[in-house]
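The values are calculated or read from the model by the stated rules, or taken from the named source; none is laboratory data. A quick note: this is a predicted structure, and the numbers were derived from the prediction, not measured. Counting neighbours? That spans all protein chains shown, and the Cβs are built from the backbone with ideal geometry, glycine included.
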Amino acid sequence: MTSLNDELNCTSIEALVPRGLIGKTSDIVSAPVSEEGLCPIKVACKNGLISSIEIIKDKSKYPSQLLLPRFLETHAHLDKAFTWASAKNLNGTYQNALSVNLKLNQKRTFNSVKFNAERAIELALKNGYRAIRSHVDSFGIGSEETWEALLDLQHKWEDFIELQLVALVPIEYWTTGEGKLFAARIAQKNGLMGGVLVPPLNKPLTRKYLLNMFILANDFGCPIDIHIDESQIDPGAGLTQLIKVLKNITMNVPITCSHSSSMGLLSERKLLHLANELAKYNINVIALPLTNAWLLGRKYATTPISRPIAPIHQLQKSGVTVAIGGDNVRDAWLPIGNFDPISLMSFSMPLAQLAPWNRLGLAPFTTAAAKLMQIKWNGTIEKGAPANLLLLEGTSWSEVLSRNASRKILIDGQWLKSNKFYENNPKGNL
Ligand SMILES: [Zn+2]
């Protein structure tokens with residue numbers, strides 16, 4: 001049915017593709033569309049690009065595979081991935097995660113970070129990611145070694161997966177002389193400036209630190225991605241201060257607010273006002289439903305009924321670009337995870353009531369994620385687009401998201417196949 005075989009080069013694939021991800025330039029007006037929004041099409045590839053798209057009209061030949069663009073992990077922590085064994089947080093609270101994390105950071109080395117992060121990158125690649133934005137604990141003992149290890153990996157894997165690195169520090173650090181020098185170094189490495197803003201907040205000081213960070217980011221041309229309002233108290237406190245600061249400065253770099261969880265606890269009126277303000281200042285939001293569901297709103301021997309989570313639907317309605325990220329994987333912040341975009345979609349579906357057959361249910365994992373990460377190809381499948389695709393066994397979303405679907409990964413027109421792929425690649429020293 002398809003040209004899928006042991007050859008490395010892909011010439012064509014017959015598969016079901018989400019209607020919303022097929023580019024407007026493709027002539028598919030007459031294509032049949034399933035109730036789950038999937039179209040049977042034949043995608044041809046040449047020289048690493050999609051060379052044509054054809055509709056499959058014969059019902060008896062409908063494919064039993066689903067084709068998607070390779071995914072983007074918008075928010076990860078590669079430096080601490082897979083550290084659960086030595087950094088357990090058995091009571092699952094945010095506070096305990098923080099103290100376990102601090103202890104772990106005292107022991108980190110170039111080799112320990114590199115080993116875990118590389119395992120994460122390999123897994124992410126095989127599971128279907130083409131880019132990862134990772135926050136990096138950049139304060140205190142071991143920060144230098146951690147950056148060195150991740151920059152090494154960024155270079156080593158650059159042909160297969162784009163790695164974006166965000167310097168995660170207390171926001172006041174950016175006001176220090178050392179912080180300014182660090183910002184200059186981050187900019188040189190095309191990194192992003194990060195930070196954490198969690199209540200209770202000293203509001204005037206918070207605004208001062210934020211303004212300073214924004215000025216620095218503008219000066220160095222460094223995009224910003226901060227952890228904000230990852231909490232169940234003081235709903236929207238950090239975002240409210242951030243908006244106040246933005247009234248006094250014009251930004252020339254994008255700002256992303258990761259988590260924004262407590263915003264979901266605001267009253268409908270206040271939430272709508274804040275969402276409109278975020279849209280007005282072009283603030284992006286990354287929702288992290290898994291870690292929020294695990295860490296937040298905890299009360300001993302009580303099942304939480306009210307869940308702090310970014311109000312994805314309301315933000316989208318106001319015009320904010322919203323993506324979903326996986327956040328932590330098997331560390332003190334979340335004991336599970338596998339750097340698997342399909343598993344993330346499965347978990348997010350009931351947690352955030354996101355259905356992939358709706359355009360706005362799929363965008364946070366695909367096109368919106370690419371826009372937010374400023375990645376050139378937004379994942380739309382059309383003639384001329386890179387043949388960077390993920391092929392899953394299954395005839396529906398329900399089937400694909402219900403099991404560990406077997407998959408094949410196409411990178412610039414070549415199937416990712418064990419060591420064969422690397423051997424045939426110019427940088428075959430992996
Ligand atoms: Zn995070």
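Details
- The listed residues are Thr256, Thr250, Thr240, and the only one of them that is within 16 Å of the ligand (Cβ to nearest atom) and assigned by TED's automatic domain parsing to the domain that holds Leu201 turns out to be Thr256.
- Boolean, Ile336 is without any contact (Cβ under 8 Å) to a residue 60 or more places away in the chain, within 16 Å of the ligand (Cβ to nearest atom) and not assigned by TED's automatic domain parsing to the domain that holds Ile55: yes
- Test: residue in the stretch 163-173 that is away from the ligand (no atom under 16 Å from the Cβ) and polar (S, T, N, Q): no
- For the stretch 253-276, a tally of residues being in a strand (DSSP E or B) and of a type in the set (Asp, Glu) returns 0.
- Exactly one residue out of Thr250, Thr240 is closer than 30 Å to Ser306 by Cα, outside any strand (DSSP E or B) and of a type in the set (Val, Ile, Thr), and it is Thr240.
- Residue count for the stretch 53-104 under the criterion of being at positive phi and small (Gly, Ala, Ser): the result is 1.
- Filter pass, Leu78 being within 25 Å of Ala369 (Cα to Cα) and not assigned by TED's automatic domain parsing to the domain that holds Leu296: no
- Scanning the stretch 262-276 for residues that are away from the ligand (no atom under 16 Å from the Cβ) and of a type in the set (S, T, N, Q), we see that the one that is surrounded by the fewest Cβ atoms within 10 Å (Cβ to Cβ) is Ser267.
- The set of residues in the stretch 129-157 that are among the basic types (Lys, Arg) and crowded, with 22+ Cβ neighbours inside 10 Å comprises Arg130, Arg133.
- Leading residue by the ranking (farthest from the ligand (Cβ to nearest atom)) among those in the stretch 313-333 that are part of a strand (DSSP E or B) and over 14 Å from Gly361 (Cα atoms): Asp331
- Summed over the stretch 295-314, the residues that are β-branched (Val, Ile, Thr) and farther than 16 Å from Ala275 by Cβ give a count of 3.
- Checking Ala279, Ala310 one by one, the residue that is away from the ligand (no atom under 16 Å from the Cβ) and either crowded, with 16+ Cβ neighbours inside 10 Å or assigned to a loop (DSSP other than H, G, I, E, B) (or both) is Ala279 and no other.
- Number of the condition not met by Gly361 [criteria: (1) free of Cβ contacts under 8 Å to residues at least 40 places away in the same chain; (2) assigned by TED's automatic domain parsing to the domain that holds Val43]: (2)
- Scope the stretch 36-74; condition under 28 Å from the mean Cα position of the chain (by Cα) and charged (D, E, K, R); matching residues: Glu36, Arg70, Glu73
- Meets criteria (buried (at least 19 other Cβ atoms within 10 Å of the Cβ), aliphatic (A, V, I, L, M), touching a helix residue (DSSP H, G or I) at 6+ places or on another chain (Cβ under 6 Å) and not assigned by TED's automatic domain parsing to the domain that holds Ala405) for Val322: yes
- Residue match in the stretch 283-296 (condition: within 18 Å of the chain's Cα centre (by Cα), within 15 Å of Ala369 (Cα to Cα) and away from the ligand (no atom under 14 Å from the Cβ)): yes
- Considering only residues in the stretch 71-86 that are away from the ligand (no atom under 11 Å from the Cβ), assigned to a loop (DSSP other than H, G, I, E, B) and of a type outside the set (S, T, N, Q), the one that is farthest from Thr367 (Cα to Cα) turns out to be Phe82.
- Considering the stretch 158-172, the residues that are farther than 28 Å from Leu242 by Cβ and not charged (D, E, K, R) include one that is surrounded by the fewest Cβ atoms within 10 Å (Cβ to Cβ), namely Ile161.
- Failed item in (1) buried (at least 19 other Cβ atoms within 10 Å of the Cβ); (2) under 21 Å from the mean Cα position of the chain (by Cα); (3) not aliphatic (A, V, I, L, M), with Thr206 passing the rest: (2)
- One residue from Lys103, Lys114, Lys107, Lys126 being more than 21 Å from Leu334 (Cβ to Cβ) and either surrounded by fewer than 22 Cβ atoms within 10 Å (Cβ to Cβ) or touching a His at 6+ places or on another chain (Cβ under 6 Å) (or both): Lys114
- Among the residues of the stretch 36-92, just one is touching a Phe, Trp or Tyr at 6+ places or on another chain (Cβ under 8 Å) and β-branched (Val, Ile, Thr), namely Ile56.
- Extreme residue, farthest from the ligand (Cβ to nearest atom), among residues of the stretch 42-63 that are within 26 Å of Asn404 (Cα to Cα) and at pLDDT below 95: Lys61
- Filtered residues of the stretch 138-162 (kept if farther than 19 Å from Pro223 by Cβ and within 16 Å of the ligand (Cβ to nearest atom)): Phe139, Thr146
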